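Asks: Below is a structure I'd like to ask you about.
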Amino acid sequence: MRTQVLHPVLPGTKYEREPRLALDEAVSLTEALPGLELAGALVVPVPRPRAGHLFGPGKVEELAEICRENEIGLVVIDGPVSPVQQRNLEKAWKVKILDRTGLILEIFGDRAQTREGVLQVELAHLSYQKSRLVRSWTHLERQRGALGFIGGPGETQIEADRRALAERIVQIRKQLSKVVKTRELHRAGRKKVPFPIIALVGYTNAGKSTLFNRITGASTLAKDMLFATLDPTMRGIALPGGKQAILSDTVGFISDLPTQLVAAFRATLEEVLDADLILHVRDIAHPETEEQAADVRKILAELGIGEERQDHMIEVWNKIDLLSDDDRAAMQRRSGRTAQHVALSATSGEGVDELLATIEATLSEPVTAEVVDLGFSEGRARAWLFKENVVTREAQDDDGYHLSVLWTRKQKSQFEALYSSH
């Protein structure tokens, strides 16, 4: 189906993303769904959003002409579209409309493979459809022809649809509770095995599945497309010193992920909540890598993974093979300064051995997260902390340095012995 992608730029919104890059992501989302042929993509300024059509009358007609000329069958609008706006635009353009949430749901529906994944997708989809049930003139025309009067039948049909959806949602939730109990039994079984669980998280298309395959030798779907992995995959791995661990790959995160999807996939992401160590895989070559990382941290916080546990994550700076030689060298130097960053290429394998060694070192001895406050005159103490690779974050104000550290009991004792004022 020939598809047009639109990224509306609305007024009065704090834009953290550059519109052109946001449009590129929307195009990647669209291309991730089989059967769609991309015909065009546009950033569309919307000076004054309209309740009925989102766009103004002139823009609606201009876009209708684009749809006619290019024989468009589907328009993807990268943002929220109300049920009324969707109905009116479909009528004006004579096409099917999908907003961002609808598109992501379609991709999830196409990718989910496990029983739980399929049920979670259907639950999210039904909740979305329930909000889309609005009075439609075409719906009323059908009722009118069958029953001979204009008024209530349309509403009656909508209520019947709502009831049917509500009943199906109840059924799915019952089925999901059984599936979740089974998963809980599996997790309880794994806890009896003294193997730590390592969870891969990251923005979609950051290279998690490629890294998973590189480390485990598995053949998980790993393509250059958004949401290539939806269902959690787990494999046993051997660390360099011979210690065994379990590595878990998870669904990729994305900006503006609808709340209902975060809730629906919470069970899928329970592996992350139970993990002994989280690896945050970042596409370090992406122009918005910092914004993507912020989105991941935000969703982790929504899942109940607080700042202290996030400080305990290892950031994996992936795709260094896509950087220039100078940027690559700089990135490797930066990653070497702390124990919580490893630069690598999951595609070529460069840096993967270093990651495994870092994982082993992190898991080998219990660590605690603390904040060490140092005055500006205590440069030697600060240098020691960096030399020991225990610093995860540093802030500075008029009083001096404030360093978030992850250290073992031994490292803390050594520091206190050397710098007894702390």
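Quick note: the coordinates plus some simple rules give every number you see, no bench work behind them. No experiment lies behind these values; they were computed from the predicted model shown. Please note: Cβ atoms are built from the backbone with ideal geometry, for glycine as well, and neighbour counts cover all protein chains shown.
Asks: So what is the relative contact order for the range 2-109, in percent, with contacts set as C-alpha pairs under 8 Å and at least six apart?
Replies: Numbers: 167 pairs, mean separation 35.5, N = 108.
Across the range 2-109, relative contact order equals 33 percent.
Asks: Once the convex hull of the C-alpha atoms of the range 269-422 is built, how many Å³ does it hold per residue, rounded to a whole number?
Replies: Details: hull volume 20.8 nm³, N = 154.
Once divided by residue count, the hull of the range 269-422 is 135 Å³.
Asks: Could you give the length gained on full extension between Phe386 and Thr368, defined as 0.36 nm per residue of separation minus the Cα-Cα distance, in nm?
Replies: Numbers: separation 18, 0.36 × 18 = 6.48 nm, distance 1.62 nm.
Taking 0.36 nm per residue and subtracting the Cα distance, the gain is 4.9 nm.
Asks: Related question: Could you order peptides 114-122, 289-297 by the average number of other Cβ atoms within 10 Å of their residues, highest first? Could you put the intermediate results ahead of the total?
Replies: Details: 114-122: 20.0, 289-297: 17.9.
Ranked from most to least packed, the peptides come out as 114-122, 289-297.
Asks: Which ³J(HN,Hα) values in Hz, rounded to whole numbers, follow from the phi angles of the range 80-94 under the Karplus curve 6.51 cos²θ - 1.76 cosθ + 1.60, where θ = phi - 60° and Gly and Pro get x?
Replies: Here the 3J(HN,Hα) series is x, 10, 5, x, 5, 4, 4, 4, 5, 5, 4, 5, 6, 9, 6 Hz.
Asks: Rank by packing, highest mean first: peptides 388-394, 277-283, with packing defined as the count of other Cβ atoms within 10 Å averaged across residues. Write down the numbers at each step before the final one.
Replies: Numbers: 388-394: 18.7, 277-283: 22.7.
The densest-packed peptide leads the list: 277-283, 388-394.
Asks: Something else now. Between Ala51 and Asp397, what's the calculated FRET efficiency when r is the beta-carbon distance and R0 is 51 Å? Round to 0.05. Working shown, then result.
Replies: Details: r = 47 Å, r/R0 = 0.92.
For Ala51 and Asp397, the calculated efficiency is 0.65.
Asks: To the nearest whole percent, what portion of all C-alpha pairs in the range 27-107 is separated by more than 17 angstrom? If you can, show how the numbers build up before the last one.
Replies: Numbers: 1408 of 3240 pairs.
The share of Cα pairs beyond 17 Å in the range 27-107 comes to 43 percent.
Asks: Arrange the following residues from fewest to most other Cβ atoms within 10 Å of their Cβ: Ile284, Ile197. Please report the intermediate quantities before stating the final value.
Replies: Values: Ile284 27, Ile197 19.
So the ranking, lowest neighbour count to highest, is Ile197, Ile284.
Asks: From the phi angles alone, apply the Karplus equation (6.51, -1.76, 1.60; θ = phi - 60°) to the range 299-310 and give each ³J(HN,Hα) in whole Hz, x where the residue is Gly or Pro.
Replies: Going residue by residue, I get 5, 4, 4, 5, 7, x, 9, x, 4, 5, 5, 5 Hz, with x marking Gly and Pro.
Asks: Could you give me the ³J(HN,Hα) list for the range 386-401, computed from phi with Karplus coefficients 6.51, -1.76, 1.60 and θ = phi - 60°, whole Hz, x at Gly and Pro?
Replies: Values, residue by residue: 5, 5, 7, 6, 10, 7, 9, 7, 9, 10, 9, 9, 5, 7, x, 9 Hz.
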